[in-house]
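Heads up: the structure comes next, in structure tokens.
What follows is calculated from the coordinates using simple rules that are stated; it is not laboratory data. Treat the numbers as computed from the prediction; the structure is a model and nothing was measured. Neighbour counts are summed over all protein chains in view; Cβ atoms, including those assigned to glycine, are modelled from backbone coordinates with ideal geometry.
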């Protein structure tokens with residue numbers, strides 16, 4: 001079984017898709033080919049450079065049934081979400097600006113919103129590619145420190161789990 005992905009590639013069920021775009025500076029603010037992470041409360045994060053790749057993974061949970069039949073019978077359980085992962089690079093070493101100022105808005109999209117009582121859902125957009133879900137993890141590695149401690153470079157690893165809706169579990 002295979003299905004079409006909006007970026008024009010075909011993905012076989014249960015496999016991973018690697019979309020290679022080539023690392024280059026993000027175009028001007030008016031251009032479509034830049035990575036945006038848009039939160040449901042209006043917060044937006046824009047990458048400084050276009051990502052080199054996206055990895056979209058999806059497990060398809062089949063349960064093998066007991067018996068003496070080869071190949072065995074299987075039963076579909078329930079859908080698992082897709083997971084998008086990417087790495088983003090930032091560099092302000094030449095300008096002297098603290099690169100943490102550029103990465104900061106992403107942290108806002110991964111923290112609890114006072115109005116929602118949970119982190120917001122996000123949509124990752126890059127050109128015609130769009131992926132809706134929730135940020136499940138991110139990490140930031142800072143480097144190229146100036147004498148005063150200003151950070152000049154950052155590598156951000158971002159993981160977004162596909163979701164159609166999000167809610168808050170009531171306290172128990």
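Among 116-124, 87-95, sorting by the average number of other beta carbon atoms lying within 10 angstrom of each residue, highest first, gives 116-124, 87-95.
If eta is 1.002 mPa s and T is 20 °C, what Stokes-Einstein diffusion coefficient results for segment 47-127, Kirkwood Rh from Cα pairs, in µm²/s? Value of D from the Cα-based Kirkwood radius: 125 µm²/s. Sorted on the mean count of surrounding Cβ atoms within 10 Å across their residues, most packed first, peptides 143-155, 159-171 read 143-155, 159-171.
Using only the Cα atoms of segment 104-172, build the gyration tensor, take square roots of its eigenvalues as a ≥ b ≥ c, and label the shape rounded, prolate or oblate: rounded if a/c is under 1.5, else prolate if a/b is larger than b/c, else oblate. Here segment 104-172 falls in the oblate category.
Relative contact order for segment 26-172: what is it in percent, counting Cα pairs under 8 Å that are at least 6 residues apart? Once divided by the residue count of segment 26-172, the mean separation gives 26 percent.
Computed from the alpha carbon atoms alone, the convex hull of segment 82-138 holds 111 Å³ per residue.
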